[in-house]
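Shown next, in structure tokens, is the structure this report addresses.
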Amino acid sequence: MSSRWAMLLVVFFTRTSLGFQFQSIAALTPFLIAAFDLSYAQVGLLMGLFMLPGVVIALPGGLLGQRYGSGRIVVAGLGLMVVGGIIVSYSLGFGAAAIGRALSGVGGVLVNIMLARMVAEWFRARELQTAMGVMLSAWPFGMALALAVLGPLAAAVSWRVAEYVTVAAAGLALALIALGYRDPPLTPPSPQGEEGGTAEPAALQLSLPGRVRALAVSAGVAWALLNASVIVVASFAPSFLMSRGASVGQAGFLTGVALWISIVAVPVGGLVAQKVDRPRLLIIGGCLATAVTIACIAWAPMPALWMVASGLLLGLPPSIMMSLLPRAVGTEHLAPALGVYYALFYLGMAVSQTVAGSLRDLTGDPGMPLLFASLLMVATVPAVAVFWRIEAKPDSHLSATFNLRPR
């Protein structure tokens, strides 16, 4: 196996642990409501707190990766996920659980940004869309594992033991990154020189021309909308299915089926995108068709069938959309551009889940979060159209430069 595919496997497992811990709240929702007397808005906030730190951590996180190397930052992030998961496991109420989720979220932000950068660095020359598709499929893979494993485990033992399992997964990923990952040959792994000497500490510099900033913002908004839609479905579909008479295990299994299908569909979508030179058609058609199927989960007969269809159609847009920014932005701007991109992504993810939970409380309709998710998916299309419009314009001379030098 070539080095870059071995590194992609390491990235895949690490991102799987990220999705696994994130989805633990959704998988354990009925147990947490019973234990802490939570509202659905509070449950949505616990879900969103895993994402909310990204609003302020994403940009400096990208810069830290530029300064210290991707591997070191991922190890630090996974360490925070371990500590945060332990706090949630020991929590006796909403407040402590929220602190633990927020701490895990800080670590998750650092991990997520650096994993995207790792893949972009290893596969920029060729097969980027395929590699991005494989990386992206790790997130729903981890979420599907959480839905399949954690609910039944909590029912058989306790929800605290189920949360400990997510801690163990993050710890295993930490060991794998620390021992098994290395940077691509042309990218220095750290400020150390090639012969092992210590190089002069580099300045943490953000220099983004106006056009690059606009590309990062528009791509980030589009990516946030698409992912927020998916996460709202994954988080609130189990409770919707339970309102239709499914057990905890059945609801988790049915929701997981759509995620398992998307695990295969996303990398296949990346291969299709490489063979078919129609990226705009694949993004627009995939998003709109997925939006229809999400709405049908709540409002049409046979919701399980529509969940399967949504997972299948979701495979078309993600790998193309995730490749948009790395292809449009030069290497020298990629880390800070990804910081802007992910800041918006995390803002959308955090807010959307809290809004979805509030809609569930206000209307009393378990299908309302799914309708909201459908609308988010539709909104992805105009957002990515703005990116294409900016990409077609000539470069701007506007720039903003901030220097963050070590004291």
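Tabulated values for the structure
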| item | result |
| --- | --- |
| Some residue of segment 110-126 being more than 19 Å from residue 51 (Cα to Cα), without any contact (Cβ under 8 Å) to a residue 40 or more places away in the chain and not aromatic (Phe, Trp, Tyr) | yes |
| Residue check, residue 380 modelled with pLDDT of 80 or more, out of contact with any strand residue (DSSP E or B) (no Cβ under 7 Å at 6 or more places or on another chain), surrounded by fewer than 20 Cβ atoms within 10 Å (Cβ to Cβ) and not acidic (Asp, Glu) | no |
| Cβ pairs under 9 Å, 6+ apart, first in segment 255-278 and without any contact (Cβ under 8 Å) to a residue 40 or more places away in the chain, second surrounded by 17 or more Cβ atoms within 10 Å (Cβ to Cβ) and aliphatic (A, V, I, L, M) | 276/282 |
| Answer residue from segment 74-127, given it is aromatic (Phe, Trp, Tyr) and over 18 Å from residue 11 (Cα atoms) and is surrounded by the most Cβ atoms within 10 Å (Cβ to Cβ) among those | 94 |
| Within segment 359-370, tally of residues that are surrounded by fewer than 19 Cβ atoms within 10 Å (Cβ to Cβ) and assigned to a helix (DSSP H, G or I) | 3 |
| Positions within segment 134-158 being over 30 Å from residue 272 (Cβ atoms) and surrounded by fewer than 24 Cβ atoms within 10 Å (Cβ to Cβ), in sequence order | 149, 152, 153, 154, 155, 156, 157, 158 |
| Filtered residues of segment 259-277 (kept if in contact with a helix residue (DSSP H, G or I) (Cβ under 9 Å, 6 or more places away or on another chain), of a type outside the set (A, V, I, L, M, F, W, C) and more than 18 Å from residue 139 (Cβ to Cβ)) | 274 |
| Complete set of residues in segment 315-363 that are in contact (Cβ under 8 Å) with a residue 12 or more places away in the chain, farther than 18 Å from residue 376 by Cα and of a type in the set (Ser, Thr, Tyr) | 319, 323, 331 |
| Residue 97 vs. criteria farther than 29 Å from residue 317 by Cα, aliphatic (A, V, I, L, M), in contact with a helix residue (DSSP H, G or I) (Cβ under 8 Å, 6 or more places away or on another chain) and part of a helix (DSSP H, G or I) | yes |
| Condition broken by residue 52, with the remaining ones in (1) among the hydrophobic types (A, V, I, L, M, F, W, C); (2) under 25 Å from residue 223 (Cβ atoms); (3) part of a helix (DSSP H, G or I) satisfied | (3) |
| Options 64, 18, 78, 8; residue that is in contact with a strand residue (DSSP E or B) (Cβ under 8 Å, 6 or more places away or on another chain), part of a helix (DSSP H, G or I), among the aliphatic types (A, V, I, L, M) and closer than 26 Å to residue 119 by Cα | 64 |
| Failed item, numbered, when residue 286 is tested on (1) within 18 Å of the chain's Cα centre (by Cα); (2) surrounded by 16 or more Cβ atoms within 10 Å (Cβ to Cβ) | (1) |
| Segment 275-331, subset β-branched (Val, Ile, Thr) and not in a helix (DSSP H, G or I), residue modelled with the lowest pLDDT | 276 |
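The values are calculated or read from the model by the stated rules, or taken from the named source; none is laboratory data. What you see is a predicted model, and the numbers here were worked out from it, not measured in a lab. Cβ atoms come from the backbone with ideal geometry, glycine included; neighbour counts cover every protein chain shown.
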